[in-house]
Amino acid sequence: MSWPGRIIEREKSILDTGCSILVEYRETKIERRDTVYMIAQAVKWVGGIDGFLELIDQRRLPTEFVKIRCRTVEQLYEAIKTLAVRGAPAIGVSAAYGLVLAVQKSAADGLKQGMEALAESCEYLGSSRPTAINLFWALDRVRQTAEEFIAAKPKATLQQLREVVLAEANAIYEEDVDMCRRIGENGEMFIKDSSGILTHCNAGALATAGQGTALSVMFEAHKKGRKFTVYADETRPLLQGARLTAWELKQAGIDVVVICDNMAGWLMKKGKIDAVITGADRIAANGDAANKIGTYSLSILAREHGIPFYIAAPSSTFDLSIKTGAEIPIEQRAAGEVIRLWRTNTEIVPDGVHVYNPAFDVTEARDITAIITEKGVIEKPNAESVLACLQTGTSSKR
């Protein structure tokens, strides 16, 4: 058996769009990496202090494999807002590198001006997507590191500050790669041979710096030689399941079947689904979890059919400042995403009809069988078990 790992790209052409650089590729191949099962490197910092952020443009998949080179904070904001980069961990890592771009472009030499540029960029990038807590976690972490550095070395240069910010962003990147792998290792036991797994949206390598969260569990089970089928909801309206999850699983050699979102209940009734595994964008202190719209419905269907429902997410996705999912802000996206078919001008909604387009919903902890983290597995999550796992790494199952 060959083990897929990362895509190696052969450059086709470079196009300057005026707001960013697009790099197209015409040939891909898979190579093995022993420790990380990465189908594609969604987020990559290229170079040193004066480098740039390279992102896979996920709006173009699966028909085109294109990368964006972000050299300014404004370019990165646009990439996050328009879902060129998406997935809570990937957004967080990208935002950390966005602060490198912020201090990199600071024209002044003083630390004060550098910190002002960093603070302004934190606020600006934080306004791009309100639900994904990893975004704010990464921004706060880099800013705090910069503040502590200046407090300890008030006579340091702006160049030294830039080096500290880049080092912290790199640390966040490396930690995410490691967390993804450990999530997969902690959760692969839930996938049995010859089972059917349902997933929603995309929680794979494209959504993280590493090999994903929910898909990491599948990749690790696949590495152990298990045969199973993944049913991927298409995930309306932006089709992340059909476009991205199916693409990743196909690259990995895992059997994948795309279904319309409204087919899930019938598949459960027919006995084709043995477990549901999704990612999360924010998890409250009590274990309530926000994920792509449609996840809540799956949790209710799974409960009614007696099917285990798992969330796979890193510790950086937990927001202990909020008690329940009722406090999680839900992003409302543009009506055009529903009115027009994906990447077309074909309108499927009559003129004058209102559209409601929340990007996320919240699954209650009582309907989650377990949350799979890099620290361990939180079975029947509640405030006590969540805190115990995050603080000490104690889990009820390893």
Applying a 10 Å radius around every beta-carbon, put 231-244, 197-210, 248-261, 333-346 in order of their mean neighbour count, most first. 197-210, 231-244, 248-261, 333-346
In sequence order, calculated HN-Hα J values of region 184-189 (Karplus, 6.51, -1.76, 1.60; Hz; x Gly/Pro): x, 5, 6, x, 4, 5
Reduced to Cα centres, the span from region 94-131 to region 175-212 in Å works out to 31 Å
Mind checking which lysines have their Cα closer than 16 Å to the Cα of residue 269? Skip sequence neighbours fewer than 8 apart in that chain. none
Which lysines have a Cα lying under 19 Å from the Cα of residue 270, excluding residues fewer than 8 positions away in the same chain? 192
Could you tell me which trypsin sites (Lys or Arg not before Pro) in region 118-191 are loop residues by DSSP with no more than 13 other beta carbons within 10 angstrom of their beta carbon? 155
Using R₀ = 45 Å, calculate the FRET efficiency as 1/(1 + (r/R₀)^6) where r is the Cβ-Cβ separation of residue 303 and residue 155; round to 0.05. 0.15
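Taking a threshold of 27 Å on the Cα-Cα distance, which of the pairs 223/272; 105/375; 44/81 fall above it? Don't jump to the answer; show the numbers that get you there.
On the way: 223/272 22 Å; 105/375 37 Å; 44/81 18 Å.
Checking Cα-Cα distances, 105/375 exceed 27 Å.
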Looking only at region 305-345, which residues have a backbone nitrogen under 12 Å from a spot 7 Å from the Cα of residue 262 in the C-beta direction? none
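Determine the percent antiparallel among the DSSP beta bridges restricted to the chain, to the nearest 5. The partial results should precede the final answer.
Details: 34 of 54 bridges.
Of those bridges, close to 65 percent are antiparallel.
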Quick check: the angle from helix 111-126's long axis to the longest principal axis of the chain, C-alpha only, nearest 10 degrees? 20 degrees
Setting aside same-chain residues fewer than 8 positions from residue 112, which aspartates and glutamates have a Cα under 14 Å from its Cα? 120, 147, 148
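So what is the relative contact order of region 185-392, in percent, for Cα pairs below 8 Å that sit 6 or more residues apart? Spell out each step's value before the answer.
Working: 428 pairs, mean separation 43.3, N = 208.
Over region 185-392, the number comes to 21 percent.
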At 7 Å along Cα-to-Cβ for each site, give me the label-to-label distance between residue 334 and residue 354 in nm. 2.1 nm
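Every read-out reported here was derived from the displayed coordinates using simple, explicitly stated rules and does not represent laboratory data. Only a predicted model underlies this, so the values are computations on that prediction, with no experimental measurement involved. Cβ coordinates were reconstructed from backbone atoms using ideal geometry, including for glycine residues, and neighbour counts include every protein chain displayed.
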